[in-house]
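Below you'll find the structure, written out as structure tokens, and then a few comments.
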Amino acid sequence: MKKFILAAAVASMLATPALAAPNNGRDSRGQIEQRSDRNAGPQRQAQQHRWNKGERFDQRKASSYRVISNPRQYRLKDAPRGYRYVQSGNDAVLIGITSGVVAAVFANMIR
């Protein structure tokens, strides 16, 4: 009797990893699932944050963030003292350097 119980316990321990193994992208009906892991990057990049005046600027939310060092190249006036222009997607955003608050948004200025 002990041998039977011991054999059943060993068999259940050996069968558990086989049952928990991945199903290689197949669902319970045997059909192949479509995975969208490859498209996660471009979808996130396509979503652009719309900045509003008075909002705190966070460069992690900005797509294609960079500081605009030559605003006249984009037909913008020089930034006032204490402010700077940054790029977020196609928009030029005027932000306060110390506060990080959006002072103005110039939509579609950068192409």
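Taken together, the values in this text are just the output of simple stated rules run on the coordinates, not laboratory data. Predicted, not measured: the structure shown is a model, and the values here were computed from it. Here the Cβ is made from the backbone with ideal geometry for all residues, glycine too, and neighbour counts use every protein chain on show.
Extending 7 Å from Cα along the Cβ direction at R60 and again at K77 yields two label points whose distance is 3.4 nm. Of the peptides 3-10, 96-103, the order by per-residue mean of other Cβ atoms within 10 Å, starting with the highest, comes out as 96-103, 3-10.
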